[in-house]
Every structure is written in structure tokens, then in C-alpha cells.
Amino acid sequence: MDDRTKTEAWPGQTKPADAPTRPAPAAPRRSGAGGWIVAGLILVAIAGAVWWVWPQGKPANPRGGRNAVPPVATATVTSGDINVTINALGTVTSLATITIKSQISGQLIAVNYTEGQIVKKGDLLAEIDSRPYQLSLAQGQGALKRDQALLESAKLDLERYQGLVKSNAIPRQQLDQQVATVKQDEGNIITDQAQIDTANLNIAYCHIVAPVNGRLGLRLVDPGNYVTPNDANGLVTITQLSPISVIFTTAEDNLPPIFARLKAGATLEATAFDRSGSTRLAVGTVSSLDNQIDTTTGTLKLRAQFDNGDGALFPNQFVNISLLVDTLHNTPIIPTAAVQRGAPGTFVYLLDPQKSTVSVQKVVLGPTDADRVSVKSGLKPGDQVVVDGADKLRDGVQVTVRGPGDNAAPAAPANPNPNQGRRRRRDNQN
């Protein structure tokens, strides 16, 4: 083994005196530090290039990452009036539904209406043959004249008998009999007059007229049939349409405020909407309440009356009723979209305009009117609450408030010069 071979001995072996001296260990450390410095400079250059190429003003994470600032829409708490209403489902009920029947027996000779016609009270609907009743009238009139003549003769005999009794020319019994005869003839006159009135009434019943204003139904009997008062179906039905009512129910828990308002002399306004609840049909007032609560449902029936001059309400139609019980004045109001419910209870996200942060604010709500709700406590007029974008929020998070015309998510700013980024990348590569 030569000297150079000996220099490769294991550590701890004796190095020959004439072996070449090994480099100091500090030299490799200086070479390693220089490499890290070069790598650091390269990273700084890359970061600067990325910063230079990246469009200015772009969010740190345009795709809504964990560090993105969520956009929200806000509304201002206002102070105003809000209606206290009770919603219920009701049925349109006519105030009068009448089956027209004949009050006498006879042949139906004419029908003077068309099916579905709107009629007024007193309009002629049908006619019955009146000839038999006209004959009865003539018979009664003849009997009346006969009995009137008998009565006059009996009265004359009575006067004569009274004079003869004074001179004792006739017995007292004969005078008494004549007095009875006069009274009997007077009774016959009353009977004859009653027969005449009955005949006139039957003749009037031969002309069937509408008892109320309303709409006629389908014809149930054709002309030529013999009708009687005992016919179950009758001739036709008539339903009153104006005014008309709606019967609806409300829970017994709603009765105290209703009774309080009625006791104070207030008139409760009821608004009828169609089945979808989007179209208002008519506005009326509560006219009466039932006298007992239904124990099976815990509800009470109410009747609201409507003028229904335009015929918007139709009998047996299902409608939604909005009963105005009271009106709250100068109360804080927010949109219902701002209300959140979760672990804190009922709350809203309250915006701090200066810090652009939101905080969880517990609220106590009052009555709701359509898309507005009153706030009993927790907010004051002028506060700003989040109405859109609350699903991405938490207490203390920073937000951006978007305007009315902004999209739900912020779009990345457009680059006015699309070639600008390419030039910056080429410059960095050079």
C-alpha cells in the first residue's frame, strides 16, 4: 500500500507525517450557505414576478376560498306601522239560499226566466193556471152579496121587533131570536170576505216572483207539469250574491285580542284573497261570531260580510281571510329575510359599517305582515341587518356590502389589456 493509499485509512488511524493536508471543514459550510442564499433570491424573484403579473386589486381567493370576504346585502331597520293580522281559511256562504216552490196546486203554464239569470226581488219567475182560483173568487163575491142582503133584511126586522116589544105586541123571545139572526148574517159576511181574500191570494200565488235579489240556478220543472206545495225539489233555487258572507275559523288563543277590539267598539276589517293568497278579491267587516267554541278543534267560527258588488265572491268558494285585529305604530321593522334561527335562538346579523364586520344580535319578534316583521327588542331604527348572504357568515366575520345591482358573488375584475400579463411573464423570464 503506497502513501496515498494510507491516507484513506479509517478515522482514528495514525496519519503519516508526509501525508497531504486535508481541506479545513469550514470551506464546505461556506459553499452550503451560498446555495441557500441563491435559492432564497430565486424564490424572492419568483414571488415578485407573480405579484407583478397578478392583476392589481384582485381578491386573495377569487373563488370564495376560506380567506375570501363574503359579499352580503343589507337593509336598514325602519320605524313605522305594522298590521296585526290573523290568517284563516274560509268558505263563501250566501246570506240567503232559497228553493222556490209553488204555494198552490196547479199546472205550470209559463217559465219566465233563464238558467243562471240575475234577478231582482219581485221579478216574475213562473206562472200557474189561475182559472180555478178566479172561479172561487167569483163564487165568494156572489155569496158575499147574498149575505149582505140577508143582513140588511135582518136588521130591518130587528128594528120593527124592538118597537113591537115596547108595546108588548110580540113576545121578548122573538126579539132575541132576531138579534141572533143579525149576528149570524154578520158572521156570514166575514166568512164570505175571507173566501174572497183567499181566492185573491191564490191568484197572486199563481204568479211566482223572486223573494230576494240573486242568481237563479238550473231549472228543475218544465212548463206543463202539475206542481204542488209538497214537491221536494221545487221549481228553481235562488242564491243571494250581494251582500254575501264568508265563514271562517280562528284558534281560541286569538279570541282575547278580537274580543277586546270588539268591546271597544272597533270594526274589524276582513280581506278575502283567492286560494293562492296572491289576488285580493274583496274587503269586508266582521259581522258576527258563533256562540261557542268547537271542542274538537279548539276554534271559533266568525262571519264576515262583503258587499260583493262585482261578484268576485261566489257561494261555496274557498278563500283566504286576513283579519286585521290591530295596528302597531312607530315600531322597528325589518324584512323577514333578515331573521335567522339557530343555536342562539332568533337572531339577525348586525352590520358594523365602520369595521365592515357582522355580529350575531338576538331579537324578539312581534307581529308579521307579509314580508315585514316588527321587532320588540334587540334592534333600533337605523341599524343595518343582513338580508342576503347570511349562510356564509359567523359572528365577527368581515364582509363586503354589495349594491342593489351587484351579483350574488363578486366577479373578478376584468383585465383591460389581456396581453399585459403575457408581457410581464416574458420580461421576468428574460
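Scan the range 214-232 residue by residue and report those that are assigned to a loop (DSSP other than H, G, I, E, B), of a type outside the set (A, V, I, L, M, F, W, C) and crowded, with 18+ Cβ neighbours inside 10 Å. Within the range 214-232, none qualify. Number of residues in the range 356-377 that are under 16 Å from Thr76 (Cβ atoms), assigned to a strand (DSSP E or B) and either touching a Ser or Thr at 6+ places or on another chain (Cβ under 6 Å) or of a type in the set (S, T, N, Q) (or both): the value is 3. Only residues that are in a loop (DSSP other than H, G, I, E, B) and closer than 13 Å to Asp395 by Cα: list them for the range 333-354, please. Selection gives Ala343, Pro344. Looking only at the range 233-256, how many residues end up being touching a strand residue (DSSP E or B) at 6+ places or on another chain (Cβ under 9 Å), loosely packed, with under 14 Cβ neighbours inside 10 Å and over 14 Å from Asp290 (Cα atoms)? Count: 1.
Conditions tested, residue by residue: (1) assigned by TED's automatic domain parsing to the domain that holds Ser276; (2) touching a Leu at 6+ places or on another chain (Cβ under 6 Å); (3) surrounded by fewer than 16 Cβ atoms within 10 Å (Cβ to Cβ).
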position	(1), (2), (3)
Lys101	no, no, no
Leu135	no, no, yes
Asp147	no, no, no
Lys155	no, no, yes
Tyr161	no, yes, no
Ser167	no, no, yes
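The conditions of being assigned to a loop (DSSP other than H, G, I, E, B), modelled with pLDDT of 95 or more and not assigned by TED's automatic domain parsing to the domain that holds Leu351 are not met by Leu302. The set of residues in the range 289-334 being over 20 Å from Leu262 (Cβ atoms), aromatic (Phe, Trp, Tyr) and surrounded by 12 or more Cβ atoms within 10 Å (Cβ to Cβ) consists of Phe314 alone. Among the residues making up the range 111-131, those that are farther than 18 Å from Thr237 by Cβ and surrounded by 14 or more Cβ atoms within 10 Å (Cβ to Cβ) are Glu127, Ile128, Asp129, Ser130.
Residue count for the range 214-232 under the criterion of being in contact with a strand residue (DSSP E or B) (Cβ under 8 Å, 6 or more places away or on another chain) and over 11 Å from Ile98 (Cα atoms): the result is 10. Once the range 257-288 is narrowed to residues that are of a type in the set (A, V, I, L, M, F, W, C), surrounded by fewer than 18 Cβ atoms within 10 Å (Cβ to Cβ) and at pLDDT 95 or above, the residue that is nearest to the chain's Cα centre (by Cα) is Phe273.
The values are calculated or read from the model by the stated rules, or taken from the named source; none is laboratory data. Predicted model, so just to flag it, every value in this text is computed and none were measured. A quick note on method: Cβ atoms are made from the backbone with ideal geometry, for glycine too, and the neighbour counts reach across all protein chains shown.
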